[in-house]
Amino acid sequence: MMEEAKEVSSSLSVHGHTIQVTEVLKDGDTLTFLIVSQKLSGTGEYHVDRTHSDFEWLQQHLFSQEDVPGIQGVIFPPLPAKVQMNASAKVMKQLGFLGLGEWQPYCKALETFLQQIAAHTILSRNKAVGVFLTSTDPPGRQRVKKNIFNRLSQAVEEMRKEGHKDVDEFFQTERDHNLPLSSYTKTAAERFLDVVLSEQKIAVACGHFSAALHLCVESVEDPEKQAFSKACVKLSEVFDCMKKNTTNVAENDVNSLGLGLDLGSRCLDAEKEMLFRRTCKLVELENARRNAEKAKPLKKAAMEEVKKAAETEFSHISGVAKEEIARFRRERVELLQQALVQWCEKQLHTARETAEQLDQHLQAFRGMA
């Protein structure tokens with residue numbers, strides 16, 4: 001088993017942008033993901049296999065860095081929800097685009113999660129990241145620790161904090177923008193998922209009709225029936241072509257814009273969580289200031305120390321949060337742009353192939369006539 005990873009400064013020994021989740025292995029109800037990354041030394045690659053529980057182990061270590069100044073201002077890369085073998089339709093629906101295809105979309109989401117961590121100036125220094133990516137041994141069982149997300153769960157019980165007015169217009173504006181943008185992105189992802197599901201249904205229907213046309217084929221000497229059988233065979237080929245091309249269109253949708261919208265939605269949720277953590281800290285600071293003002297002489301000095309500590313912590317969190325939001329805005333635009341460009345390029349390529357194939361079938365029909 002891996003040694004318990006300590007939250008200390010450590011540089012990665014891999015190129016973060018080379019991290020790939022190349023394969024998923026099924027063993028009963030357990031899914032194991034093969035992760036490959038290139039060594040910084042240029043002498044080879046690291047190959048490790050991890051389960052979703054291992055990813056949760058890594059996430060827990062990142063959440064537990066209470067000794068890192070301003071850590072609560074970090075927008076943590078979102079880890080995709082755990083997927084199970086033979087999951088119910090309800091569970092698969094909750095996964096959205098990540099529940100479609102032969103696990104490729106889900107592997108891509110895990111890959112993006114790791115790449116975002118490796119590219120993060122604060123999170124990549126955590127020793128657990130290097131251990132996760134390079135050790136051939138699986139992580140040990142993660143001990144339950146007090147971390148910022150435990151605090152978040154407690155804070156959720158005090159929903160009044162969510163609507164607490166911010167003292168900084170920058171953060172108040174960001175909170176006001178996050179809520180509708182998150183809703184619009186989720187809606188766009190849901191509607192686009194409906195499009196993909198419809199495309200998949202059309203592909204299946206084309207396949208069924210292609211197979212059904214073969215039932216009309218007869219081995220007879222009657223010229224008219226022979227001509228009809230040939231027409232059915234050719235028409236069957238056309239619908240089989242439509243099935244394949246519609247399937248390609250659906251796959252393109254999932255692997256480009258679909259994953260882009262899904263990631264954008266989950267990242268907006270991660271930003272919302274960060275903004276809420278900061279709001280909770282703001283409430284704690286305001287309470288500390290009031291307590292210091294009302295403290296009796298004997299407790300005045302102690303309350304002042306608590307207030308100063310709260311001010312320092314809040315200042316660190318706000319400083320990190322502003323940098324995170326600036327980076328988040330840039331990356332969000334870049335990711336959406338990349339998804340749209342990739343989507344257009346793939347669909348143009350598929351459309352050209354479809355046009356060529358249908359033209360060939362049209363020429364064949366004209367030859368028959």
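Within region 45-69, restricting attention to residues that are in a strand (DSSP E or B) and buried (at least 17 other Cβ atoms within 10 Å of the Cβ), the residue that is farthest from the chain's Cα centre (by Cα) is 46.
Residues checked against (1) of a type outside the set (A, V, I, L, M); (2) under 30 Å from residue 75 (Cα atoms):
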residue	(1), (2)
225	yes, no
229	yes, no
232	yes, no
236	yes, no
250	no, no
256	yes, yes
265	yes, yes
270	no, yes
273	yes, yes
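Within region 305-328, being under 21 Å from residue 268 (Cβ atoms) and surrounded by 13 or more Cβ atoms within 10 Å (Cβ to Cβ) holds for 317, 318, 320, 321, 322, 323, 324, 325, 327, 328.
Restricting attention to region 170-186 and to residues that are over 12 Å from residue 268 (Cβ atoms) and of a type in the set (S, T, N, Q), the residue that is surrounded by the fewest Cβ atoms within 10 Å (Cβ to Cβ) turns out to be 173.
Looking at 83, 91, just one residue is surrounded by fewer than 15 Cβ atoms within 10 Å (Cβ to Cβ) and modelled with pLDDT under 90, and that residue is 91.
Here 337, 363, 347 are screened, and the one residue that is assigned to a helix (DSSP H, G or I) and surrounded by 12 or more Cβ atoms within 10 Å (Cβ to Cβ) is 347. Can you work out which of the residues in region 252-268 that are among the small types (Gly, Ala, Ser) and either touching a Ser or Thr at 6+ places or on another chain (Cβ under 9 Å) or without any contact (Cβ under 8 Å) to a residue 24 or more places away in the chain (or both) is surrounded by the most Cβ atoms within 10 Å (Cβ to Cβ)? Step by step, filter region 252-268, then rank; the result is 265. Given the conditions (1) of a type outside the set (A, V, I, L, M); (2) at pLDDT 95 or above; (3) surrounded by fewer than 18 Cβ atoms within 10 Å (Cβ to Cβ), which single one is not true for residue 271? Checking residue 271 against (1) of a type outside the set (A, V, I, L, M); (2) at pLDDT 95 or above; (3) surrounded by fewer than 18 Cβ atoms within 10 Å (Cβ to Cβ), the one that fails is (3). Would it be correct to say that residue 71 is at pLDDT 80 or above and in contact with a Phe, Trp or Tyr (Cβ under 6 Å, 6 or more places away or on another chain)? When the stated conditions are applied, residue 71 does not pass them.
In this structure, residue 256 does not qualify as in a helix (DSSP H, G or I), over 30 Å from residue 242 (Cβ atoms) and among the polar types (S, T, N, Q). Condition first: in a helix (DSSP H, G or I), of a type in the set (Val, Ile, Thr) and more than 30 Å from residue 274 (Cα to Cα). Now tell me which residues in region 175-228 satisfy that. Answer for region 175-228, where residues must be in a helix (DSSP H, G or I), of a type in the set (Val, Ile, Thr) and more than 30 Å from residue 274 (Cα to Cα): 195, 196, 202, 204. Just so you know, in region 294-304 the residues that are among the aliphatic types (A, V, I, L, M) and loosely packed, with under 12 Cβ neighbours inside 10 Å include one that is farthest from residue 182 (Cα to Cα), and it is 298. Highlighted here are the helices (runs of 4 or more DSSP H) found entirely within region 100-160 that include at least 1 residues which are at pLDDT 90 or above: 104-119, 127-134.
For region 21-44, a residue qualifies if it is surrounded by 12 or more Cβ atoms within 10 Å (Cβ to Cβ) and over 22 Å from the mean Cα position of the chain (by Cα), and the qualifying residues are 38, 39, 40. Look at residue 228 and say whether it is over 12 Å from the mean Cα position of the chain (by Cα), in contact (Cβ under 8 Å) with a residue 12 or more places away in the chain and farther than 22 Å from residue 355 by Cα. Taking the combined requirement at face value, the residue satisfies it.
Per the listing 243, 281, the residue uniquely surrounded by 18 or more Cβ atoms within 10 Å (Cβ to Cβ) and closer than 30 Å to residue 205 by Cα is 243. Taken over region 54-86, the criterion of being farther than 26 Å from residue 332 by Cβ and free of Cβ contacts under 8 Å to residues at least 60 places away in the same chain is satisfied by 84, 85, 86.
The values are calculated or read from the model by the stated rules, or taken from the named source; none is laboratory data. For clarity, every value in this text was computed on a predicted model and none was experimentally measured. Don't worry about glycine lacking a Cβ; one is built from the backbone with ideal geometry, like all the others, and counts go over all protein chains shown.
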